[in-house]
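Below is one structure; the comments refer to it alone.
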Amino acid sequence: MNILAIGSHPDDVEFYCAGTLLKYARDGHRIFITLTTSGNIGSNVIEGREEIARVREAEQLEAAKLYGAQVRFLRNDDEGLQDSPGLRRALIDAIRWAQADVILTHFPGDTSTDHNVTGTVVGRVMLSLPGKNVAAGEPPLAKTPSLFYWDTGAGVHFEPEVYVDISDTIETKLKALALHKSQFAWMSTFQGISLTEHSRILGAFRGLAINRPYAEGFRGYRIHGYMPDFKLLP
Ligand SMILES: [Zn+2]
């Protein structure tokens, strides 16, 4: 299968679903990553938005190597994301480019602005994926993907419907996350906990629900013709 993870910022994919992506990659599935922004305000240390984006895209490309993923950057401004015809078209093209069987993205109830908009707009374009007359640069999808929403920071406002046991991929997940070196200083602006510690605690918390050391939680997106097939999760 082709698995597409759509994040808002470099580090989102590693933080929220790398344990699951590593399992998919190990099982021989192809991994694709799309980011709606390059996180170009995510540093108070690096000078200038262009340089921040350059550093963070390079970090994302390094992390993507752990799943052999192809990466597509949509390069909208960080914290400036809004639903628009341009964003819809870019997301339709990204999903078609990946020929996605499974899409993983942000939960629309995530109150981080870019996360909320990314997750919301991905859901809004689902019915446009097979349309020949949709404004897009890639040919329509012939098949129906399943869309799953990943967790939120600290699990705020999120109740998983299904859990993926990531006990055997958690350490590689945390290594992938640690490749986002620029984000350790940035995250300390908000919280007295590192990115990797936060991710480990959230994984351990979700693991409690299924009596395993670590898990990632997901919810399924539902609309006519696009009921989630939970059996597609690893
Ligand atoms: Zn983010």
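The values are calculated or read from the model by the stated rules, or taken from the named source; none is laboratory data. From a predicted model like this one, the values you see are computed outputs, not experimental measurements. No Cβ is skipped: glycine too gets one built from the backbone with ideal geometry, and neighbour counts run over all protein chains shown.
Each residue in the stretch 124-158 was checked for being in a helix (DSSP H, G or I), touching a Leu at 6+ places or on another chain (Cβ under 7 Å) and over 14 Å from D93 (Cα atoms), and 2 of them qualify. Looking for something within 16 Å of the ligand (Cβ to nearest atom) and at pLDDT below 95 - is there at least one such residue anywhere in the stretch 135-149? No, every residue in the stretch 135-149 fails to be within 16 Å of the ligand (Cβ to nearest atom) and at pLDDT below 95. The residues on offer are S188, S167, and the sole one that is among the hydroxyl-bearing types (S, T, Y) and free of Cβ contacts under 8 Å to residues at least 12 places away in the same chain is S188. Pairs please, first residue from the stretch 204-219 and in contact (Cβ under 8 Å) with a residue 40 or more places away in the chain and of a type in the set (A, V, I, L, M), second anywhere and assigned to a helix (DSSP H, G or I) and buried (at least 17 other Cβ atoms within 10 Å of the Cβ), Cβ atoms under 9 Å, 6+ apart in sequence or on different chains. Cβ pairs passing all conditions: A215/G19; A215/G203; A215/R206; A215/G207. I92 falls short on exactly one of the conditions (1) within 16 Å of the ligand (Cβ to nearest atom); (2) of a type in the set (A, V, I, L, M); (3) crowded, with 17+ Cβ neighbours inside 10 Å, and that condition is (1).
Counting the residues of the stretch 6-57 that are within 13 Å of the ligand (Cβ to nearest atom) and farther than 22 Å from F184 by Cα gives 0.
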